[in-house]
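The values are calculated or read from the model by the stated rules, or taken from the named source; none is laboratory data. Worth saying up front: this structure is predicted, and the values here are computed from it rather than measured. Positions of Cβ are generated from backbone atoms using ideal geometry, with glycine treated the same way; all protein chains shown enter the neighbour counts. Heads up: the accessible areas ignore ligands, DNA and RNA and are worked out on the full protein's heavy atoms, side chains in. Shrake-Rupley method; radii C 1.70, N 1.55, O 1.52, S 1.80 Å.
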Number of protein chains: 2
Amino acid sequence: MTETQYVHGYSAREADRLADQANTLAELLHHDTAYPPGSLVLECGCGAGAQTVFLAAHSPEARIVSVDISAASLAQARARVAAAGHRHVEFRAANLFDLPFADGRFDHVFLCFVLEHLADPAAGLRAVKRVLRRGGTLTAIEGDHGSWYCHPQTPEAARTVQCLVEIQARMGGDALIGRRLYPLLTEAGFGDVRVSPRMVYVDDSRPRLVGGFSKNTFIAMVEGVRDRALAAGLIDRRTWDTGIADMYRATEPDGTFCYTFFKGVAAR
Amino acid sequence: MTETQYVHGYSAREADRLADQANTLAELLHHDTAYPPGSLVLECGCGAGAQTVFLAAHSPEARIVSVDISAASLAQARARVAAAGHRHVEFRAANLFDLPFADGRFDHVFLCFVLEHLADPAAGLRAVKRVLRRGGTLTAIEGDHGSWYCHPQTPEAARTVQCLVEIQARMGGDALIGRRLYPLLTEAGFGDVRVSPRMVYVDDSRPRLVGGFSKNTFIAMVEGVRDRALAAGLIDRRTWDTGIADMYRATEPDGTFCYTFFKGVAAR
């Protein structure tokens, strides 16, 4: 994946969206990942560091190496992690498929929202497996846009979300990868594979998630592909606008919103 | 709802399916429902007692009254609960919309897979609310067939599941009711409404669920409407057979299967 191929782009709003997402979902996704003191951890595809701050916070005595292919993202990640006061993270530009590390160098590998963007995620997993020591663990967290639904649900809202799935597929990714984590990890040769779903359910009794997840994470992510979806002729403007309005409708007090992330942990 | 309108029918295979479902899902759905000693609990729509045995087991010192509109189902429920050794459940034929009990008679009300079959579930909730005392709780558990997806996923499999949704809708029910529990309970005038999703995630590391849920609960339920779906012209035979085969394909070692139930607890 080259820098320009990242489906969500590199805009300031995108950076805010990722930070919002990370804050709201941190507990759900990261609470059970804590690496032991002294262990050497590789984070692949750290982006702007939205997840790195939580990874670092949960493993304060591990040594973390976070790599990304984008120099601009790495600069943001460095600033974000420094601002959070973490001193145990080292950043490095690297391609996941050609990691500049010796075989078996790391005790643990961590990937969050990375496999969804790879044309061959099983090959990506095999590439990172090379730098993982025997007995070490790999943790991968991914979403699955096919897990989304809301109330009231409309065909236009579903069609609008489907645009994001199709655009990501055209860029060689898979927005439905969450449900595939188990077979992917198995296919890549990992053992003791355990996958657990992390469902986000939002109703009016959970106002922090209405803003932090439904509006500022999920709908914002869909809205981010508007121009490309229209330009590609995947949807007409009226259907798009109706779909987005219908999604916001589901964030009102009598609406609900559902989405599921998947977390896989496996051993080399 | 009259007896003949129950979407899943009253066959022996259906009774086995419900028992399989209940055993596999009991912990997920019922573990956090335990009524205090001496409390009077109404179960509405107990059917053949598939859930009643777990309700009774988790509240061994409560007094449970289980009602259903079908005399044949009540006979099965009686036998099932007696076989499980429970002596604290009383059965009675009754229509949920015209319950033969005084206002505020019960400390708690419990409904499992009942609201999905009602043309006006909010009216159903108001009807059972009448017999609940102030401060008592109502617990409702429902599925949501729109929450289903699998890997590999195919359009034919989705179309086949959609037949069940459409047939249930034609019978006046709503197979997508899980996501509506929160607004329904709120609309019916309940307070302190809390809804939690209960997701069933199945992969090869969970063989008990592959049989107990994916095959014998979910696919069996879909297969149950085959003749009606074909007769109603909702789908052609070839698409149906492909869809069912694709669903079984997702139960193989490299497949996954997802479904979400919703449990709501609210106070009068």
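The test for being within 7 Å of chain B (Cβ to nearest Cβ) and either touching a Gly at 6+ places or on another chain (Cβ under 7 Å) or within 30 Å of B:Val193 (Cα to Cα) (or both) does not hold for A:Asp144. Applying the criterion of being more than 7 Å from chain A (Cβ to nearest Cβ) and crowded, with 18+ Cβ neighbours inside 10 Å to the residues of segment B:190-205, the residue that is farthest from A:Leu184 (Cα to Cα) is B:Phe190.
Can A:Val89 be described as more than 18 Å from the chain's Cα centre (by Cα) and among the β-branched types (Val, Ile, Thr)? Criteria met by A:Val89. If you check A:Ala102, A:Ala127, A:Ala119, A:Ala140 for being part of a helix (DSSP H, G or I) and not hydroxyl-bearing (Ser, Thr, Tyr), only one passes: A:Ala127. Scanning segment A:225-268 for residues that are in a loop (DSSP other than H, G, I, E, B) and more than 14 Å from chain B (Cβ to nearest Cβ) yields a count of 7.
Identify, please: which residue in segment B:125-135 is closer than 17 Å to B:Glu187 by Cβ and touching a strand residue (DSSP E or B) at 6+ places or on another chain (Cβ under 8 Å) and is, among those, surrounded by the fewest Cβ atoms within 10 Å (Cβ to Cβ)?
So the residue we want is B:Lys129.
Residue count for segment B:242-268 satisfying the condition of being within 24 Å of B:Asp204 (Cα to Cα) and open to solvent by 60 Å² or more (accessible area, probe 1.4 Å): 5. When segment B:23-48 is filtered for residues that are outside any helix (DSSP H, G or I), acidic (Asp, Glu) and open to solvent by 20 Å² or more (accessible area, probe 1.4 Å), only B:Asp32 remains. When each of A:His151, A:His86 is tested for being touching a helix residue (DSSP H, G or I) at 6+ places or on another chain (Cβ under 6 Å), buried (at least 16 other Cβ atoms within 10 Å of the Cβ) and within 14 Å of another protein chain (Cβ to nearest Cβ), the lone residue that passes is A:His151. Scanning segment B:166-209 for residues that are more than 19 Å from the chain's Cα centre (by Cα), assigned to a helix (DSSP H, G or I) and not hydroxyl-bearing (Ser, Thr, Tyr) yields B:Glu187, B:Pro207, B:Arg208. For A:Ala158, the conditions (1) within 16 Å of the chain's Cα centre (by Cα); (2) over 22 Å from B:Asp254 (Cβ atoms); (3) in a helix (DSSP H, G or I) all hold with the exception of (1). Of note, A:Val114 satisfies the criterion of being in contact with a strand residue (DSSP E or B) (Cβ under 8 Å, 6 or more places away or on another chain), at pLDDT 95 or above and open to solvent by less than 20 Å² (accessible area, probe 1.4 Å).
Among the residues of segment A:167-182 satisfying the criterion of being buried (at least 23 other Cβ atoms within 10 Å of the Cβ) and out of contact with any Leu (no Cβ under 9 Å at 6 or more places or on another chain), which is farthest from A:Phe113 (Cα to Cα)? For segment A:167-182, the residue satisfying everything is A:Tyr182. Is it the case that A:Ala71 is more than 30 Å from A:Arg226 (Cα to Cα), away from chain B (no Cβ under 14 Å) and either open to solvent by 10 Å² or more (accessible area, probe 1.4 Å) or out of contact with any strand residue (DSSP E or B) (no Cβ under 8 Å at 6 or more places or on another chain) (or both)? So A:Ala71 does not fit the description; no.
Table: residues versus (1) free of Cβ contacts under 8 Å to residues at least 40 places away in the same chain; (2) acidic (Asp, Glu).
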site	(1), (2)
A:Pro100	yes, no
A:Asp103	yes, yes
A:Phe106	no, no
A:Phe110	no, no
A:Ala119	no, no
A:Val128	no, no
A:Leu132	no, no
A:Gly136	no, no
A:Thr139	no, no
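Condition check for A:Leu164 on (1) surrounded by 21 or more Cβ atoms within 10 Å (Cβ to Cβ); (2) within 14 Å of another protein chain (Cβ to nearest Cβ): one failure, at (2).
Go through segment A:179-189 and count every residue that is more than 9 Å from chain B (Cβ to nearest Cβ) and in contact with a strand residue (DSSP E or B) (Cβ under 7 Å, 6 or more places away or on another chain). Of the residues in that region, 1 qualify.
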